[in-house]
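Read-outs throughout are calculated quantities, based only on the coordinates presented, and are distinct from any laboratory measurement. Please read all numbers here as calculations on a predicted model, not as lab measurements. A quick note on method: Cβ atoms are made from the backbone with ideal geometry, for glycine too, and the neighbour counts reach across all protein chains shown.
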């Protein structure tokens, strides 16, 4: 399945909100000053544009997490530059503290990103599952309506349709598909 433009825009907007909010909250919680409004707007537009290109079809969890890690690194750099604390040449994770604080911040960033990526991947899977089921339901309903229209349009001048050569499935088999069957004699009583 491919996503049309309205669904693509909705999915990229949802990804952007989650991604930019995570970056802003992470930046503030790590002790960095708040990013400038222009940085949040520029980061949001950049993430929306990149996400709109990638959300044309269902993506794997690895792709989602990888894209989220990359966008978080870019947003971190942008936010750090907007608050006046960063250098554009390297990934700055310490916010002016020592190596231990920088490593702790990197671990915190990656943990939050991995958890959020897993959450987004589960949402992606659920969305595409619902879309596939809705598509299958629409096809079944359309076939039923066309079959009813075909029967109603048939007059006495049209021959009756031949019965199908396949036997119809037994209704009990369809209803009991998920039943657990355990046959056999009962277990002996524990002595």
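Summary of values
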| item | result |
| --- | --- |
| Shape call, region 1-72: gyration tensor on alpha carbons, a/c limit 1.5 | prolate |
| Ascending count of other beta-carbon atoms within 10 Å, so fewest first, for 118, 37 | 37, 118 |
